[in-house]
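For reference, the structure discussed in these notes is given below.
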Amino acid sequence: MTVAIDRATGRKRPGEPAPRPGLGRRLKRSYDRYWYAYAMIAPVAIVLGVLVLYPLAYGLYLTLTDADSLNTARTIGANHIDATYKFIGLDNYADILWGDTAYDRFWSHFVWTIVWTALCVALHYTIGLALALLLNQKRRGRTLYRLLLVLPWAVPTFVTVFGWRFMLADSGIINSALDALHLPQPQWLEDTFWQRFAAIMVNTWCGVPFMMISLLGGLQSIDNSLYEAAEMDGATPWQRFRYVTLPGLRSVSSTVVLLGIIWTFNQFAVIFLLFGNTAPDAQILVTWAYYLGFGQQPRDFAQSAAYGILLLGILVVFTSFYRRWLNRNDPQVAL
C-alpha cells in the first residue's frame, strides 16, 4: 500500500501517494538505469545536431535578416570583410507571400509544385500497383521481369536524368523517332508545357520501381485464402480487387503514398539536372529556393532560407492532417 509522510507530524499517512521526486533525481535515476542506451544513441544525436538541427536553426535565423552575398562575412584574398546584414523580422515572409511579385516568385511555383506532386504520386501509385499485380502472378521469367523493372530505381538518378536529357534534346532519339513517323516534334527542353510534361515523365520513370516493390511486398502478405473464399462466393476479378486487394494494401499504401508525396514535393535532382536554371516556369519550390540562394547574383540567402522554412512548414502541416485523416478513417493503419 502506498504511504506518504505528513509534513506536520513527520508520519506516513496511508492511502496517499508519495511525493514525486525532483527532476534532477529522476534524471539521475534514469541515467543509472539506462546509461548504456544513452551511450549508444549519443553519437547519432550529436551527428543529427550538427547536420540537421544547427543548419535548421541557422537557416531560421537567416530568414529574419536581409543576408545576401553582398553583405555577409567573406574573405577575398588577404582581406576579411565583416557581415553588414541586419535584422528585419518577418519582412522576408511578408514579401514572399504578399509582396508585389508574390505570384511570380512564390504562388505560381507553389501551384505548379502541388500539381507536379499530385500527378507524379498518382502515376507512381497507379503504374506501380499495375506492375505489382502483374509480377504477383505466377509467370515464367518473373524474376527477370522484376530485375528489369527495378533497374530505373537502382541506377543513380543523375545518370538516368542525363540520359533522358540527351534523348529529349532537339536532335535526340525521341524527336528523331517522331520525325521518322512524320509526327510533331515537341520542344521538350524549351517550351513550358513540354518542359513540365517531360519533368513528370522522367520523375515517373524514376519513382515507379520503389512503389512497385513496396506494393508487391504488400500483395504477397495478403492471405490467399481470402481470394479463394471470395472466388467461391462468386466474386468477379474487379470485386476481388476492390474488396480484398485494396483493403489488404491499405497499411502499405498509406505509408508509401506519404513518403512519395514528401519525396516528390522536395524532388530537387530531376528538375535541376533536367533543366538547370533555363526553365523558370518549370521550377518547383525547392529548385526555385536553390536558384534564389545560389543561381543568381546577388545570391539572396535570406529569401532562400525563408523558402526552406516555408517548405518545412507546408510538409509538417500536411503530414499532421494526413495522420489525422488516417486516424479518423482507420486507426489501425495510422502512422
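The values are calculated or read from the model by the stated rules, or taken from the named source; none is laboratory data. Since we're looking at a predicted model, the values are computed, not measured. Reconstructed Cβ throughout: ideal geometry from the backbone, glycine too, with neighbour counts over all protein chains shown. Side chains are part of the model used for accessible areas, which takes the heavy atoms of the whole protein and leaves out ligands, DNA and RNA. Shrake-Rupley method; radii C 1.70, N 1.55, O 1.52, S 1.80 Å.
This table checks each residue for (1) out of contact with any Lys or Arg (no Cβ under 6 Å at 6 or more places or on another chain); (2) open to solvent by less than 80 Å² (accessible area, probe 1.4 Å); (3) in a loop (DSSP other than H, G, I, E, B).
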residue	(1), (2), (3)
T75	yes, no, no
A83	yes, yes, yes
I96	yes, yes, no
Y103	yes, no, no
Y125	yes, yes, no
L131	yes, yes, no
Y145	yes, no, no
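Scanning region 153-171 for residues that are open to solvent by 60 Å² or more (accessible area, probe 1.4 Å), in contact (Cβ under 8 Å) with a residue 12 or more places away in the chain and not in a helix (DSSP H, G or I) yields a single hit, D170.
For the list (1) more than 22 Å from S214 (Cβ to Cβ); (2) modelled with pLDDT under 95, I need the number of the one condition that V115 fails. Unmet for V115, out of (1) more than 22 Å from S214 (Cβ to Cβ); (2) modelled with pLDDT under 95: (2).
Out of all the residues in region 231-239, is one or more buried (at least 16 other Cβ atoms within 10 Å of the Cβ) and in a helix (DSSP H, G or I)? Quick ask: steps written out before the conclusion?
Keep residues of region 231-239 that are buried (at least 16 other Cβ atoms within 10 Å of the Cβ), which gives 235.
From what is left, the residues that are in a helix (DSSP H, G or I) are none.
No, region 231-239 has no match at all.
Here's the yes/no breakdown for (1) at pLDDT 60 or above; (2) open to solvent by 100 Å² or more (accessible area, probe 1.4 Å); (3) of a type in the set (D, E); (4) not in a helix (DSSP H, G or I):
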residue	(1), (2), (3), (4)
T9	no, no, no, yes
R13	no, no, no, yes
I41	yes, no, no, no
V47	yes, no, no, no
L51	yes, yes, no, no
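State whether one or more residues within region 212-223 are β-branched (V, I, T), open to solvent by less than 20 Å² (accessible area, probe 1.4 Å) and touching a residue at least 60 places away in the same chain (Cβ under 8 Å). Looking for residues that are β-branched (V, I, T), open to solvent by less than 20 Å² (accessible area, probe 1.4 Å) and touching a residue at least 60 places away in the same chain (Cβ under 8 Å), one finds none in region 212-223, hence no.
Here is a yes/no grid of residues against (1) touching a strand residue (DSSP E or B) at 6+ places or on another chain (Cβ under 7 Å); (2) aliphatic (A, V, I, L, M); (3) without any contact (Cβ under 8 Å) to a residue 12 or more places away in the chain:
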residue	(1), (2), (3)
L64	yes, yes, no
D68	no, no, no
T72	no, no, no
I76	no, yes, yes
N79	no, no, yes
A83	no, yes, no
G89	no, no, no
A94	no, yes, yes
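In the set (1) touching a His at 6+ places or on another chain (Cβ under 7 Å); (2) more than 30 Å from L259 (Cα to Cα), the condition left unmet by A169 is number (1). Entry remark, region 85-94: residues being outside any helix (DSSP H, G or I) and among the small types (G, A, S) number 1 in total.
Exactly one residue out of L48, L56, L70 is touching a helix residue (DSSP H, G or I) at 6+ places or on another chain (Cβ under 9 Å) and within 30 Å of I96 (Cα to Cα): that is L56. Sort out which residues of region 127-143 are touching a helix residue (DSSP H, G or I) at 6+ places or on another chain (Cβ under 9 Å) and without any contact (Cβ under 8 Å) to a residue 60 or more places away in the chain, and write them in order of number. Within region 127-143, A130, L134, R139, R142 qualify.
When the residues of region 278-321 are filtered to those that are part of a loop (DSSP other than H, G, I, E, B) and open to solvent by 20 Å² or more (accessible area, probe 1.4 Å), which remaining residue is farthest from D68 (Cα to Cα)? Write out each step before concluding.
So in region 278-321, the residues part of a loop (DSSP other than H, G, I, E, B) come out as 278-279, 283-284, 295-300.
Imposing the further condition that a residue be open to solvent by 20 Å² or more (accessible area, probe 1.4 Å) reduces the set to 278, 295-300.
Values: T278: 22, G295: 12, Q296: 11, Q297: 9, P298: 7, R299: 5, D300: 4 Å.
So, considering only residues that are part of a loop (DSSP other than H, G, I, E, B) and open to solvent by 20 Å² or more (accessible area, probe 1.4 Å), the one farthest from D68 (Cα to Cα) is T278.
The residue pairs whose first member lies in region 181-207 and is in contact (Cβ under 8 Å) with a residue 40 or more places away in the chain and farther than 13 Å from W116 by Cα, whose second member is among the acidic types (D, E) and part of a helix (DSSP H, G or I), and whose beta carbons are closer than 8 Å, counting only pairs six or more residues apart or on different chains, are T192/D281.
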